[in-house]
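Structure record follows, encoded as structure tokens.
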């Protein structure tokens, strides 16, 4: 791809299959009738934003969920519902990443949290045998560790500065139009990955 030296990949919906409806349905089953109003691919209330930017701990997260809930659920039930959205990794896409390492600097940029990252790595190791996701990238940026979150431009500026890369030489691939718009605001080239698309078919 002409002029591109760096590629930043989203995780969920790009390298791993995600179904937010499964988590919404799982929370409904344990007593949350309005979970869609609290969290989705495009919406995150303060509780979830704070969790995904590391402002609160896992215990804080569980405690607040149990405070909102009136059904007496425990941590295990909440964890199961929260992780229900995480499906299988796109192993062909990870195989493709290996072929890109000599051509581009590869980065990962994900809105996530301590619970999901632990489950991501567990599933990843189970499916691929690799110890963790990070080994495929020059550097991985996770919102709860950085303290910032997509689609805010501060997150993209942080990655550009930390990685010492130029926006005009950088391609960002994400499955959310909100996140794509945020990256474009700071001059990063973008590609919105559609549900039918896979990165290995993009001609990178």
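A few remarks follow.
- Taking the criterion of being assigned to a helix (DSSP H, G or I) and free of Cβ contacts under 8 Å to residues at least 60 places away in the same chain, the only residue of region 186-204 that qualifies is 201.
- Top-ranked residue in region 80-92 [being crowded, with 17+ Cβ neighbours inside 10 Å and in a helix (DSSP H, G or I); ranked as farthest from the chain's Cα centre (by Cα)]: 81
- When each of 98, 161 is tested for being part of a helix (DSSP H, G or I), free of Cβ contacts under 8 Å to residues at least 24 places away in the same chain and either within 15 Å of the chain's Cα centre (by Cα) or not assigned by TED's automatic domain parsing to the domain that holds residue 50 (or both), the lone residue that passes is 161.
- Criterion (crowded, with 18+ Cβ neighbours inside 10 Å, at pLDDT 95 or above and assigned to a helix (DSSP H, G or I)) met by exactly one of 140, 183: 183
- Among the residues of region 164-177, just one is closer than 20 Å to residue 196 by Cβ and assigned to a helix (DSSP H, G or I), namely 177.
- Subset of region 148-168 [out of contact with any strand residue (DSSP E or B) (no Cβ under 9 Å at 6 or more places or on another chain) and over 24 Å from residue 47 (Cβ atoms)]: 157, 161, 164
- Test: residue 106 is over 12 Å from the mean Cα position of the chain (by Cα), under 17 Å from residue 58 (Cα atoms), in contact (Cβ under 8 Å) with a residue 40 or more places away in the chain and not in a loop (DSSP other than H, G, I, E, B): no
- Helices (runs of 4 or more DSSP H) (entirely within region 26-79) containing at least 1 residues that are modelled with pLDDT of 90 or more and closer than 24 Å to residue 14 by Cα: 46-52
- When 171, 145 are screened for being in contact (Cβ under 8 Å) with a residue 60 or more places away in the chain and touching a strand residue (DSSP E or B) at 6+ places or on another chain (Cβ under 6 Å), only 171 passes.
The values are calculated or read from the model by the stated rules, or taken from the named source; none is laboratory data. Values in this document were obtained by computation on a predicted structure and should not be read as measured data. In this analysis, Cβ positions are derived from the backbone assuming ideal geometry, glycine residues included, and neighbour counts consider all displayed protein chains.
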